[in-house]
Amino acid sequence: MAGKLLFTLNLALSFLSIIILASPPSTQFKKNNNYKNLPRTQLRFKKLLEKTLVRKSEEFSNHSVIFHLEGALLKSSSHFPYFMLVAFEAGGLLRALVLLLLYPFIRLVGVKLGLKIMVFVSFLGIKKEKFRMGSSVLHKFFLEDVGCEAFDVVLRCKRKVAVTEFPRIMAEGFLKDYIGVDCVIGRELKVVNGYFMGVMEAKTTGGDVVDEILGEEKMTYSNVICVGGFNHMSLDQQFFSHSTEIYSVTESEKRKWQNLPRTKYPNPLIFHDGRLAFMPTPISTLTMFMWLPLGFLLFIIRVSVTVLLPYKVLIPILSLSGIRARVSKSNPIKITDQDTKPRSTLYVCNHRTLLDPIYLSVILMKPLTAVTYSLSRFNEMISPIKTVRLTRDREIDKTTMEKMLCQGDLVVCPEGTTCREPYLLRFSPLFAEVTDEIVPVGLDMKVSMFYGSTASGFKCLDSAFQLMNPNPVYNIKILEKLGSSNTSGSGGKSRFEVANYVQAEIGGALGFECTNLTRKDKYMILAGNEGII
């Protein structure tokens, strides 16, 4: 088996060498020594910032900018983490390991050849129509790598043209959705029978529409500025010849930049996919691979003790394994009527991970029944609490929930899907019709290595990835039971009013923003389907 694997790797590396040697030289990365002939002013980026800050905003908004993504907008100058994201999320663990092992060689051969190697390893054999990482995974990491100072300059401009060394399919979604660029100049990937061949086309695309985008300014270019990295000024001269002013930024200046705060995001970052919760630099990726055997063992231990041990023993053991929980409880509303017969409680939670109902059951130290819309057979088998599938048929699901409540306490996540960011999706109002005994619960989860949810990956691995995290932290806020005036039965509220009220209560407790987005919105953005399995 090992011999076959070694043979396959050698064959792939041999094919890689042939592709690299056969690839025509790229005009985009061809060094051009004629920049000194351009009528321009070579200034440091800091001077550009100082110049724009003293200008009136409306005056600067009349300018257009052509900027280099890696050199002028991102703090990091390394391409490796982004290709590692593609290799891991789209290609799998083995592909990511191959890319990591090739990293020393990539550093030795230089930027141009190293880029070709990373493209080849990351994209070879990936199906084009299923590649959605540009709008589902990479945009989060691009946003977290944007320098605030650079962003302020670029965003002020009237029209924006971005030039990138990444394949266009990686960066175009981020640049258009979050930076608002009019055009992305980059290279396409070669495709055969619907699969990427791991090779970029020789010529860039998008440059032919630059004049059209700049409009009347193409005649004089007096209001066009170009911004590039000090080490990225070897881009094709035709793009930078549109301006009489070219500004460059050095690595030392980029190190002084601040990260772009979430409050400045042009569009809120609500949805993103992928398993990795960290920027996979070479060191952090190596750490992850070293952790995986121990993490898998930790997953087995955590599942085993949760299934086999009683609650009083379970909580200390989970704490020793690295799981932390911060719990706050509100004083329950006292029953004032004459009916003292115990009634089952419906716990209504926001949804962060697949394990939300299990954590709540452990914290309350009593068995709960969880209703779910989609759960893999594997996760059903290892679940320490009872799970019941819903059908998405309102009447059938209502009957099922009423039946479960007659047997004991129930927990439901009316968002219908998980959301990683500090937002709440729209709550389905079905729970408000089932009972008036409603207790809202706010849940938040912090992880350092893996996300325990996915929209397009293997859902059977959700619990495994979640429990392989070294030190996951759960923040659980059990709120007061809904008063009779805020319920559908006793209070006469509509089911929509109750659902919105509970959503607002949980959002306020956690500091999350409430939205009208739904499960369908999430899956259409991340996976291109409606999320029905």
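Points to keep in mind about this one:
- Gyration tensor (Cα) of segment 475-533, equivalent ellipsoid semi-axes in angstrom: 28, 16, 9
- The GluC sites (Glu not before Pro) of segment 437-533 that DSSP puts in a loop, and whose beta carbon has at most 16 other beta carbons within 10 Å, are E480, E530.
- Per-residue SASA entry for K446, accessible area with 1.4 Å probe, Å² rounded to 10: 120
- In the complete set of protein chains, residue-level accessible area for L424 is approximately 0 Å², probe 1.4 angstrom.
- Per residue convex hull volume, Cα atoms of segment 409-516, in Å³: 115
- In this view, the solvent-accessible surface of S304, computed with a 1.4 Å probe and all protein chains in place, comes to about 50 Å².
- You can think of it this way: the chain between E201 and K520 has 111.3 nm of extra reach, that is 0.36 nm per residue less the Cα-Cα gap.
- Shown for segment 265-307: the carbon plus sulfur share of the solvent-accessible area, taken with all protein chains present and a 1.4 angstrom probe, equals 81%.
- Exceeding the 32 Å Cα-Cα cut-off - candidates K140/K312; K254/K522; K130/K386; K158/K254; K176/K477: K140/K312; K254/K522; K130/K386; K176/K477
The values are calculated or read from the model by the stated rules, or taken from the named source; none is laboratory data. Since the model is a prediction, treat every value here as computed from it, not as a measurement. In this analysis, Cβ positions are derived from the backbone assuming ideal geometry, glycine residues included, and neighbour counts consider all displayed protein chains. Please note that ligands, DNA and RNA were not included when accessible areas were found on the heavy atoms of the full protein model with its side chains. Shrake-Rupley method; radii C 1.70, N 1.55, O 1.52, S 1.80 Å.
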